């Protein structure tokens, strides 16, 4: 079954299936990623894959090789305001984060016609903060001391993008 959502120059985004769960779990629990996300357990991912209506796991894949390069999770797909979460790039340093995020924006706004998307990010994740701002997200707020991580309270930065902002960034 072809579960491709959208393709770009180097990458495709496709629906995850149960055979991807091991990859997703490994990405979530890799030490370099774990400090930036709150992982979900395998059963949660199985439920998302089985349902696929309100939440969606998306695999980022190299077109040329078919090799997985990361994954996204989307939530609130049954509303006009989707949430991007768990933006995890497995093949770092190749510009895949930027390309995959732009593909996801194209899919959510141009294909699925969402009104708004939003994402939050730990305040110390400077690479992600820069990526989201460069993609055109607007910094909407700060959730002060929102998450307790290893005994320390952390702030979350909330970003959003409206469909009209997306359209202004990507004229047809």
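Seen from all directions on average, segment 90-148 presents a Cα convex hull projection of 5.1 nm².
The mean sequence separation of alpha-carbon pairs under 8 Å and at least six residues apart, normalised by the residue count of segment 4-169, gives a relative contact order of 18 percent. Seen from a random direction on average, the alpha-carbon convex hull of segment 4-169 projects onto 9.3 square nanometres. The helix-only estimate of mean residue ellipticity at 222 nm for the chain, built from DSSP H runs of length n ≥ 4 each weighted as -39500 (n - 2.57), is -8000 deg cm²/dmol after division by the residue total. With the convex hull of its Cα atoms as the shape, segment 1-88 has an orientation-averaged projected area of 6.1 nm².
Ranking of 81, 121 by neighbouring Cβ atoms within 10 Å, starting from the fewest: 81, 121.
Of 68, 152, 135, which has the largest mean-square fluctuation in a 10 Å C-alpha GNM of the chain? Among 68, 152, 135, the largest mean-square fluctuation in the Gaussian network model of the chain belongs to 152.
Only the coordinates and a few stated rules stand behind these numbers; no lab work does. Note that the structure is a prediction, hence the values are computed from the model and not measured. Glycine also receives a Cβ, built like all others from the backbone with ideal geometry; neighbour counts cover every protein chain displayed.
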